[in-house]
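This report refers to the structure that appears directly beneath it.
The values are calculated or read from the model by the stated rules, or taken from the named source; none is laboratory data. Nothing here was measured: the structure is a model prediction, and the numbers come from that model. Note that we place each Cβ from the backbone using ideal geometry, even for glycine, and neighbour counts take in every protein chain shown.
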Amino acid sequence: MKAAVSASGPSAPANGPSAPVNRPSAPELVKLRDGSSVTVRAVGPGDEAPLQAFLMGLCASSLRLRFFTAGANIADAAHWAACTPADRYGLLAHDEAGVLVAHAVYVQLDRTRAEVAVEVADRLHGRGLGTVLMQRIGAVAQERGITRFVAEVLPENLGMLDVFRDGFDAHVTLHAGIDTIEFPTSAWRLARERFGSESPRAAGRLLLAPR
């Protein structure tokens, strides 16, 4: 998953389930650092078109940092991101006008590890939205028994590296020009302590309903 996710997505884990799983029951309204609000919810049916519009709105630099190429197939990437098999989980954020402005996803690699990625609309960089999504997707992953997140990030993607390092105490190693990130999914609590949350139950509202 380049800086996250390739357009087609990584292979499903050999021992992973294949049936869809429950989604969180309700969206969550979250305030950002500048006082604006976003609504966070799980990816669901009908999200392919909004995801495609969102990805098409990213600048060439953001696309390269996300997919390791500015020439990614946006239609394929949106189709992949909108699918919800059991080994994959995605979150979306909408601004106050209802426009999709961020997406986070993890893909399970084995029973306890998953690869994670997040992308945020260019105009909302620096407002803490990436951290908001990482907290919540980490809480969901931990609830599902996933204990560690990994990610691949280009070294020049300083914003994403700061999110991982400052919020989640991620371990970063450089190999072949790519930073490999690893941290426990339980670090979502650490990020919440450091950066706060509008409600102490904020992440809990996005945990899975009983399966």
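Residues of the stretch 107-132 that are crowded, with 23+ Cβ neighbours inside 10 Å and either under 16 Å from Leu51 (Cα atoms) or more than 15 Å from the chain's Cα centre (by Cα) (or both): Ala117, Val118, Glu119, Val120. The residues listed here are Gly98, Gly128; of these, the one that is closer than 26 Å to Asp162 by Cβ and out of contact with any strand residue (DSSP E or B) (no Cβ under 6 Å at 6 or more places or on another chain) is Gly128. The set of residues from the stretch 98-150 being of a type in the set (Ser, Thr, Tyr) and modelled with pLDDT of 95 or more comprises Tyr106, Thr112, Thr147. Among residues of the stretch 68-81 that are among the polar types (S, T, N, Q), those with a Cβ under 7 angstrom from a residue that is part of a loop (DSSP other than H, G, I, E, B), sequence gap 6+ or separate chain, pair up as Asn73/Ala7. When Asp166 is tested against (1) touching a strand residue (DSSP E or B) at 6+ places or on another chain (Cβ under 9 Å); (2) surrounded by fewer than 19 Cβ atoms within 10 Å (Cβ to Cβ); (3) more than 16 Å from Arg66 (Cα to Cα); (4) touching a residue at least 24 places away in the same chain (Cβ under 8 Å), exactly one condition is not met: (1). Restricting attention to the stretch 54-93, the residues being of a type in the set (D, E, K, R) and either crowded, with 22+ Cβ neighbours inside 10 Å or touching a strand residue (DSSP E or B) at 6+ places or on another chain (Cβ under 7 Å) (or both) number 3.
Quick check on the stretch 157-172. Is at least one of its residues among the charged types (D, E, K, R) and touching an Asp or Glu at 6+ places or on another chain (Cβ under 8 Å)? Scanning the stretch 157-172, I find no residue that is among the charged types (D, E, K, R) and touching an Asp or Glu at 6+ places or on another chain (Cβ under 8 Å), so the answer is no.
Comparison of Ile137, Ile178, Ile146 shows that the only residue that is surrounded by 13 or more Cβ atoms within 10 Å (Cβ to Cβ), more than 23 Å from Tyr89 (Cα to Cα) and in contact (Cβ under 8 Å) with a residue 24 or more places away in the chain is Ile178. The listed residues are Pro50, Pro85, and the only one of them that is in a helix (DSSP H, G or I) and in contact (Cβ under 8 Å) with a residue 12 or more places away in the chain turns out to be Pro50.
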